[in-house]
Amino acid sequence: MDDASHIVAVDEVPTDSTLLVTLREGFDEKEVVLVRQDDDVVAWRNYCPHWTDVRLDKGSGAEFRDEELVCTRHGAIFEADSGECSHGPCEGAYLEAVDVAVEGGEVYLTDDDYEFDHIGPKSDRDLSSGRIGFGGN
Ligand code: FES
């Protein structure tokens, strides 16, 4: 683990919501939600498999119910640890995983497809509308 792959301290990841971060894949920015699992953290790309232009976390944390992630658009429910949709219009589908690891209470990006960019939403988003900009997911 090195400084370049460091994302955030585990304690900064909420236990009842998500922390939105932006990674870089080549020239593209990709949003990812970090999900706390006790002292561990998992990471999912920030879109719903039902409608891929719908973000789970619109910038202030995704909805959680009974420790499951909820897409508020049509009510799909995702198991926070596996990313599987357990109920809703995309039942059986999975959130797209991004590899992260926890070491010494810190979260590191371990997925070779991405580089960590910043905490928070993509920079090309129009946050006033809550819709995705021209860059796609
Ligand atoms: S867009 Fe997420 S449940 Fe339909």
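Bear in mind these aren't lab numbers, they're just calculated from the coordinates by the rules spelled out. Note that this is a predicted model, so its numbers are computed, not measured. Positions of Cβ are generated from backbone atoms using ideal geometry, with glycine treated the same way; all protein chains shown enter the neighbour counts.
With springs only between Cα atoms under 10 Å, which of Asp117, Asp53, Asp66 fluctuates most in a Gaussian network model of the chain?
Asp66
Distance between the C-alpha centers of the stretch 15-83 and the stretch 90-115? Whole Å please.
11 Å
Does the stretch 2-59 come out rounded, prolate or oblate, given a ≥ b ≥ c as the square roots of the eigenvalues of its C-alpha gyration tensor, rounded meaning a/c under 1.5 and, failing that, prolate meaning a/b above b/c?
In terms of gyration-tensor shape, oblate.
Quick one: Phe116, Phe64, fewest Cβ neighbours within 10 Å first, how do they rank?
Going from least to most buried by this count: Phe64, Phe116.
Mind listing the phi-derived Karplus ³J(HN,Hα) values for the stretch 53-58, rounded to whole Hz, using 6.51, -1.76 and 1.60 with θ = phi - 60°, and x for any glycine or proline?
Values, residue by residue: 8, 9, 8, 6, 10, 8 Hz.
With viscosity set to 0.890 mPa s at 25 °C, what whole-number translational diffusion coefficient in µm²/s follows for the chain from Stokes-Einstein and a Kirkwood radius over Cα pairs?
Roughly 165 µm²/s, to the nearest whole number.
Rounded, prolate or oblate: which one fits the stretch 29-76, using the alpha carbon gyration tensor with axes a ≥ b ≥ c (rounded when a/c is under 1.5, else prolate when a/b beats b/c, else oblate)?
Oblate is the answer for the stretch 29-76, as a/c is 1.5 or above yet b/c matches or exceeds a/b.
Can you tell me, using C-alpha contacts under 8 Å and at least 6 residues apart, the relative contact order of the stretch 3-119 as a whole percent?
Answer for the stretch 3-119 is 31 percent.
Would you grab the residues whose amide H sits under 5 Å from the one on Glu106? Only those 5+ places off in sequence or on another chain, please, with H modelled 1.01 Å from N.
Those lying under 5 Å, H to H, from Glu106 are Val10.
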